[in-house]
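*Asks:* This is the structure, below, for whatever I ask next.
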Amino acid sequence: MDKLHVNLGADSYDICFTDSFDPLVSSLKEINAPKKLLIVTDTNVRDLYADEVNNILTAAGYDSAVYAFPAGEENKSMDSILGICGACIEHGLDRKSMILALGGGVVGDMAGFAAAIYMRGINFVQIPTTLLSQSDSSVGGKTGIDFMESKNILGAFHQPKLVYINVSVLKTLPHIQFVSGMGEVIKHGIIRDADFYAFIKENKELIKALDSTTLIKTVKRNCEIKAEVVEQDEKENALRAILNFGHTIGHAAESALNFTTTHGECVGIGMAAVSHIAVNRGLISEAVLEDIEATLSGYDFRVRMELPPSEAIYEFMQKDKKKSDGKLTFVLPIRIGDVIQTRDVTEEEIFDAIRYISK
């Protein structure tokens with residue numbers, strides 16, 4: 001089993017990469033996990049993997065139970081958080097107990113947020129089951145929920161004690177969710193690692209075929225990139241903001257579409273939009289933009305989409321939690337593998353970028 005250490009001082013943890021749930025117990029023993037555990041999942045993942053994981057744990061002597069909330073971004077709410085906390089009380093979790101987040105990014109965000117506030121904070125483990133969560137959201141300690149039409153506006157930084165990644169679960173992932181996850185995978189290559197970006201292009205068929213060896217290599221490099229950034233800037237005061245490449249416009253489009261399109265798809269069109277801004281500023285060539293769009297299309301992304309009116313997307317951008325002193329931070333590519341941050345993107349440039357990605 002491959003491992004990666006995320007060095008955050010007292011909050012350090014390991015990420016384990018495998019293609020089975022069988023080593024989960026030994027991984028939990030390595031972190032001295034308590035006997036009392038609550039598996040938090042959603043109704044989709046519950047039907048696929050909750051019993052398997054729970055049976056493995058109970059057979060090893062853990063007092064574990066399963067709590068599932070209704071699947072879907074629309075349930076990423078305070079009501080769901082209270083439901084998780086209620087399940088913690090009903091199962092008798094105390095301050096030394098632990099939550100296991102079994103699911104995609106929504107599950108990880110909410111289970112982590114519940115762990116951050118239950119009894120003023122208990123430990124939790126991430127067991128991500130989507131490519132998006134395995135490659136991005138399970139690493140870094142960001143937790144949260146949507147509120148008043150703003151994505152992830154309420155939350156906390158709460159690092160997991162362990163991230164356990166079983167790539168075999170991706171074989172049951174709907175293709176659209178695979179595409180969504182590839183949005184973050186491609187993003188990491190563009191912002192940080194030209195060689196990895198080339199690997200993504202060269203190994204497209206193996207990755208799309210869900211070859212376990214190639215998937216582990218792909219997911220591990222994503223986690224390495226995310227960990228490198230988080231280790232330098234855990235609370236997103238500077239460098240970590242580069243991980244928002246494609247997100248400023250992408251998040252707003254996702255909200256304006258009322259979450260009917262996946263997060264990764266919206267990040268994809270967001271990357272195309274800001275790369276268009278970069279072309280107009282002379283930061284990258286038209287050929288680089290075309291290459292980015294070809295890579296996205298090769299993984300079945302739409303690089304043009306029917307979107308709500310530009311004014312609606314722009315309005316959601318004004319609610320972005322990363323806005324400071326009335327200005328939005330944009331991450332723009334200057335070459336494959338390197339980006340810059342800027343706060344001087346004009347309203348005209350934003351509207352032009354939205355028009356560019358609109359059908």
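*Asks:* Give me the 1.4 Å probe accessible area per residue for the chain, excluding ligands and nucleic acids, in Å².
*Replies:* That works out to 39 Å² for each residue.
*Asks:* Relative to the Cα centre, what is the charge dipole magnitude of the stretch 1-155, using +1 at the beta carbon of each Lys and Arg, -1 at the beta carbon of each Asp and Glu, and rounding to the nearest 20 debye? Spell out each step's value before the answer.
*Replies:* Numbers: 11 positive and 20 negative charges, 119 e Å.
In debye, rounded to 20, the stretch 1-155 gives about 580.
*Asks:* Going Cα to Cα from Lys319, which aspartates and glutamates come in below 17 Å? Please leave out same-chain ones fewer than 8 positions away.
*Replies:* Cross-link targets: Asp146, Glu149, Glu254, Glu311, Glu347.
*Asks:* A further question follows. Show that you can apply the helix-only estimate: for the chain, add -39,500 (n - 2.57) for every DSSP H stretch of four or more residues, divide by all residues, and state [θ] at 222 nm to the nearest 500.
*Replies:* Helix-only estimate at 222 nm: -13500 deg cm²/dmol.
*Asks:* No solvent, one uniform scatterer per C-alpha: report log10 I(q)/I(0) for the stretch 5-112 via the Debye equation at q = 0.10, 0.14, 0.16 1/Å, two decimals.
*Replies:* -0.29, -0.58, -0.76
*Asks:* Here's a follow-up. Using heavy-atom solvent-accessible surface (probe 1.4 Å) with all chains present, what is the largest-first order of His247, His263?
*Replies:* Solvent-accessible surface, decreasing: His263, His247.
*Asks:* Given the options Gly282, Gly264, Gly72, state which has the largest fluctuation in a GNM of the chain using a 10 Å cut-off (strictly under) for Cα springs.
*Replies:* Residue with maximal mean-square fluctuation among Gly282, Gly264, Gly72: Gly282.
*Asks:* If you add up the charges near Val267, with Lys and Arg at +1 and Asp and Glu at -1, over every other residue whose beta carbon is less than 11 angstrom from its beta carbon, what do you get?
*Replies:* Computed value for this residue: -3.
*Asks:* Rank these by accessible area, largest first, 1.4 Å probe: Leu296, Leu82, Leu239.
*Replies:* Reading off the accessible areas and sorting them downward yields Leu82, Leu239, Leu296.
*Asks:* Kindly report, to the nearest 10 Å², the accessible surface of Ser297 as traced by a 1.4 Å probe over protein heavy atoms only.
*Replies:* Counting only protein heavy atoms, Ser297 exposes about 60 Å² to solvent.
*Asks:* Separate question: Any chance you could look up the accessible area of Glu348 with a 1.4 Å probe, heavy atoms only, rounded to 10 Å²?
*Replies:* Estimated to the nearest 10 Å², Glu348 gives 130 Å².
*Asks:* Across the stretch 87-98, in residue order, what do the Karplus-derived ³J(HN,Hα) couplings come to in whole Hz, using 6.51 cos²θ - 1.76 cosθ + 1.60 with θ = phi - 60° and x for Gly and Pro?
*Replies:* Rounded to whole hertz, the list is 5, 4, 5, 4, 8, x, 5, 10, 5, 9, 7, 9.
*Asks:* Ratio to report: Rg/Rh of the stretch 49-179, with Cα atoms as the point set and Rh obtained by the Kirkwood method; give two decimals. If you can, show how the numbers build up before the last one.
*Replies:* Values: Rg = 14.1 Å, Rh = 14.9 Å.
Expressed as Rg/Rh, it is 0.94.
*Asks:* Read phi for every residue in the stretch 172-186 and hand back ³J(HN,Hα) as whole Hz from Karplus 6.51 cos²θ - 1.76 cosθ + 1.60, θ = phi - 60°, with x for Gly and Pro.
*Replies:* Working through the residues one at a time gives 9, 7, x, 4, 4, 6, 4, 4, 4, x, 5, x, 6, 4, 5 Hz.
*Asks:* Among residues other than Asp94 whose Cβ falls under 15 Å from its Cβ, what is the net charge (Lys/Arg +1, Asp/Glu -1)?
*Replies:* In short, +3.
*Asks:* Here's something else I'd like to know. So what is the diffusion coefficient of the stretch 196-339 in µm² per second by Stokes-Einstein at 37 °C and 0.692 mPa s, using a Kirkwood Rh over Cα pairs? Can you show the working numbers first?
*Replies:* Working: Rh = 16.4 Å.
Translational D for this selection: 200 µm²/s.
*Asks:* Taking the Cα centre of the chain as origin, sum charge times position over the Cβ atoms of Lys and Arg (+1) and Asp and Glu (-1), and report the length of that vector in debye to the nearest 20.
*Replies:* 640
*Asks:* Name the residue farthest towards the positive end of the dipole of the stretch 174-266 from the options Met182, Ala194, Thr248, assuming +1 on Cβ of Lys and Arg, -1 on Cβ of Asp and Glu, about the Cα centre.
*Replies:* Positive-end residue among those listed: Met182.
*Asks:* From the cross-link list Lys235/Lys323; Lys35/Lys235; Lys3/Lys217; Lys29/Lys235; Lys151/Lys187; Lys3/Lys161, which pairs have alpha carbons spaced over 22 Å apart?
*Replies:* Pairs exceeding the cut-off: Lys35/Lys235; Lys29/Lys235.
*Asks:* Separate question: Let me cross-check Thr218: its accessible surface, 1.4 Å probe, with only protein heavy atoms counted, in Å² to the nearest 10?
*Replies:* 0
*Asks:* Carbon and sulfur: what percent of the chain's accessible surface (1.4 Å probe)?
*Replies:* Numbers: 6780 of 14140 Å².
Looking at the chain in its full context, I get 48 percent from C and S.
*Asks:* Keeping all protein chains in place and using 1.4 angstrom, which order do Ile269, Ile153 fall into by accessible surface area, from largest down?
*Replies:* These residues rank, largest area first, as Ile153, Ile269.
*Asks:* What residues have an amide H closer than 5 Å to that of Gly103, excluding those fewer than 5 places away on the same chain, when H is modeled at 1.01 Å from N in the peptide plane?
*Replies:* Ile127, Thr129
The values are calculated or read from the model by the stated rules, or taken from the named source; none is laboratory data. Since this is a predicted model, take the numbers as computed values, not measurements. Neighbour counts run over all protein chains shown; Cβ positions are idealised from the backbone, glycine included. Note: accessible area is taken over every heavy atom of the protein model, side chains too, but ligands, DNA and RNA are not part of it. Shrake-Rupley method; radii C 1.70, N 1.55, O 1.52, S 1.80 Å.
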